[in-house]
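Inspection log for the structure reproduced underneath, given as structure tokens.
Nothing in this text is a laboratory measurement; each read-out follows from the coordinates by a stated rule. Values in this document were obtained by computation on a predicted structure and should not be read as measured data. Glycine gets a Cβ as well: all are built from the backbone with ideal geometry, and neighbour counts include every protein chain shown.
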Amino acid sequence: MDIVATFGHMISSTVKEHPRSARRLLLAGYAAQQGMLRAHPTSYLPPSRLYIAQTTMRSVRSALAHPQSAAAVSLFTPCEPLHALGITPCSVETLSAFLAGTKCEQYFLHLAEQEGFPDTLCSYHRIFLGALRSGLVPAPALAIYTTIACDGNMITFSDIHEHLHVPTFCIDVPYERSDDAVHEVAQQIKAMVEFIQDATGQTITHDQLCSSVVATQHTAASYMHALRQQKGRRLASDVTTEMYTVLGNHIFLGSPQAERFAHMLDDDMKSAPQSDARRLLWMHLMPNMHEPVIERLDNNDHAFITACDLATDGFDLSIDPSHPYEAMARRLVYSSFNGSSDLRIQRALALAEETDAQGAILFAHWGCKSTIGAAYLIQKQLEDAGLPCLVLDGDGCDRTNNNDGQTATRLDAFFEQIDAKRSNTHTGKEHYA
């Protein structure tokens with residue numbers, strides 16, 4: 001018996017008539033899962049990866065159980081002001097990934113379609129919207145999003161505002177990178193802080209905000225040091241905890257939890273064993289429920305992910321925490337996901353260099369128009385620079401929208417390509433340019 005599928009069916013069959021009962025059932029299931037993580041942790045995962053799994057689970061439970069102290073956010077929302085006030089940010093991607101992991105996502109995908117949302121909309125957003133419309137997910141106290149990367153944000157957060165009457169704020173990030181753009185976004189973030197204070201009745205002091213930005217700076221420094229330490233080494237991981245890292249390095253930034261995770265990861269990396277496994281740079285979202293990917297990358301001695309571009313995006317160690325608005329604004333304006341696809345290519349090549357990656361996999365998630373549109377341009381330019389690249393089509397959270405056989409075949413062929421290149425490469429470090 002598939003216990004998770006049975007549990008997911010219970011959620012789906014309960015939510016239509018009794019959404020609050022379904023929510024209580026979901027929370028009980030997540031509490032049980034968190035208890036299992038504590039009592040019987042995955043044996044091969046190091047402490048840092050177990051910690052980020054626990055932290056993410058705790059955050060989702062808090063957002064569902066205490067919506068009056070939660071904010072719906074997009075992935076690139078600067079969450080330092082929220083953490084300064086103890087407000088739990090929950091992103092579209094986080095919640096939808098958890099519902100898909102519970103195997104009840106189909107109900108919410110179908111409900112979103114019935115409510116008029118097109119099936120061309122990102123499945124993360126459709127699951128989130130379906131869960132909100134069903135009443136399984138309660139209305140948060142507020143919602144904040146940015147215009148970076150995902151055009152689905154405009155649909156989702158507009159619906160949160162119009163359908164649930166949730167106070168909503170948008171940070172419109174200019175396309176160009178400049179000091180003027182940083183100043184403009186800094187002014188918007190100041191307005192965002194005022195919005196948060198008005199919506200919650202709480203006050204964010206300058207010192208609180210600076211402390212939160214300092215935590216972000218420490219997180220970035222420790223995380224990047226950890227990545228650079230792993231040259232020639234492999235720290236055990238799996239696709240799900242890599243997904244947690246992507247989420248944590250965005251919505252947890254500014255929190256003590258993100259800072260602690262990065263420090264723990266840095267410590268774990270020091271004792272990671274040497275490995276000659278295939279070293280892969282992952283680009284974009286993590287399909288943590290796609291079986292062929294799981295089979296080939298979960299705690300695998302033959303291939304593993306050295307870094308994900310989305311997990312390190314916007315990290316700038318030169319920021320001045322005494323100017324918190326400008327620091328947060330700079331992270332948005334100079335994001336490699338804001339602007340030309342050339343910026344993502346440059347970031348990918350830099351990460352490959354820093355972590356000795358031997359190949360890149362770009363996951364072209366269904367409904368993500370900006371990534372799909374640029375995918376083959378990115379592939380060509382990475383390969384022209386000497387870094388083999390596979391564009392892997394699929395869906396990060398809708399199981400029915402994946403072709404397991406095709407994915408398995410393409411991954412195996414890509415690994416053979418990497419092996420052939422490695423056997424023909426002279427001893428020494430490769431440089432990508």
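May I ask you to evaluate 6.51 cos²θ - 1.76 cosθ + 1.60, the Karplus curve with θ = phi - 60°, for each residue of region 175-181 and list the ³J(HN,Hα) values in order in whole Hz, giving x for glycine and proline?
5, 7, 9, 6, 5, 5, 5
In nanometres, what is the gap between the two model label sites at ASP2 and SER43, each 7 Å from Cα along Cα-to-Cβ?
2.6 nm
So what is the relative contact order for the chain, in percent, with contacts set as C-alpha pairs under 8 Å and at least six apart?
17 percent
Which lysines does LYS421 reach when only Cα atoms under 16 Å apart count, and residues fewer than 8 places away in its own chain are ignored?
LYS429
With point charges of +1 on the Cβ of Lys and Arg and -1 on the Cβ of Asp and Glu, referenced to the Cα centre of region 1-126, which listed residue (GLN68, LEU99, CYS79) lies farthest in the positive direction of the dipole?
GLN68
Sum -39500 (n - 2.57) across every DSSP H segment of at least 4 residues in the chain, then divide by the residue count to get the 222 nm mean residue ellipticity, nearest 500.
-18500 deg cm²/dmol
Evaluate the charge dipole of region 278-339 about its Cα centre and quote only its size in Debye, nearest 20, assuming +1 on the Cβ of each Lys and Arg and -1 on the Cβ of each Asp and Glu.
Taking the Cα centre of region 278-339 as origin, the dipole is about 120 debye.
Hey, got the dipole for the chain? About the Cα centre, +1 on K and R Cβ, -1 on D and E Cβ, debye to the nearest 20?
1000 debye
How would you rank 158-165, 315-322, highest first, on the average number of other Cβ atoms within 10 Å across their residues?
Top of the packing list down: 158-165, 315-322.
Given 0.36 nm per residue, what is the gain on full extension from GLU291 to LEU50 after removing their alpha carbon distance, in nm?
Between GLU291 and LEU50, full extension yields 84.7 nm more.
Specify which residue in the list GLY367, LEU377, ASN338 is farthest towards the positive end of the charge dipole of region 319-430, using unit charges on the beta carbon of Lys, Arg (+1) and Asp, Glu (-1), about the Cα centre.
Sorting the options by dipole projection puts first ASN338.
Would you mind working out the magnitude of the charge dipole of region 256-310 relative to its Cα centre, with +1 at each Lys and Arg C-beta and -1 at each Asp and Glu C-beta, to the nearest 20 Debye?
The calculated dipole for region 256-310 is roughly 100 debye.
Scan around THR77 for amide H atoms under 5 Å from its own, H built in the peptide plane at 1.01 Å from N, and keep only partners 5 or more places away or cross-chain.
THR146
Which distance in nm do the two modelled labels at ALA385 and ALA272 give, with both placed 7 Å along the Cα-to-Cβ direction?
For the pair ALA385/ALA272, the computed spacing is 2.0 nm.
Given the options MET243, GLN417, GLN33, identify the residue whose Cα lies farthest towards the positive end of the charge dipole of the chain (+1 on Cβ of Lys, Arg; -1 on Cβ of Asp, Glu).
It is GLN33, whose Cα lies furthest towards the positive end.
Place a label point 7 angstrom from the Cα of GLN417 along the Cα-to-Cβ direction, then list the residues of region 339-368 whose backbone nitrogen is under 12 Å away.
Of the residues in region 339-368, 359-362 have backbone N under 12 Å from the label point off GLN417.
Arranged from highest to lowest average of other beta-carbon atoms within 10 Å per residue, in what order do the peptides 380-393, 264-277 appear?
With the highest mean Cβ count within 10 Å placed first, the list reads 380-393, 264-277.
Which peptide among 69-75, 343-349, 31-37 comes first, and what is the full order, when sorted by highest mean count of other Cβ atoms within 10 Å?
Taking the mean over residues of other Cβ atoms within 10 Å, the ranking is 69-75, 343-349, 31-37.
5 Å is the cut-off here: which amide hydrogens, built 1.01 Å from N in the peptide plane, fall below it relative to ALA360, excluding neighbours closer than 5 in sequence?
So ALA360 has HN proximity to LEU281, CYS389, LEU390.
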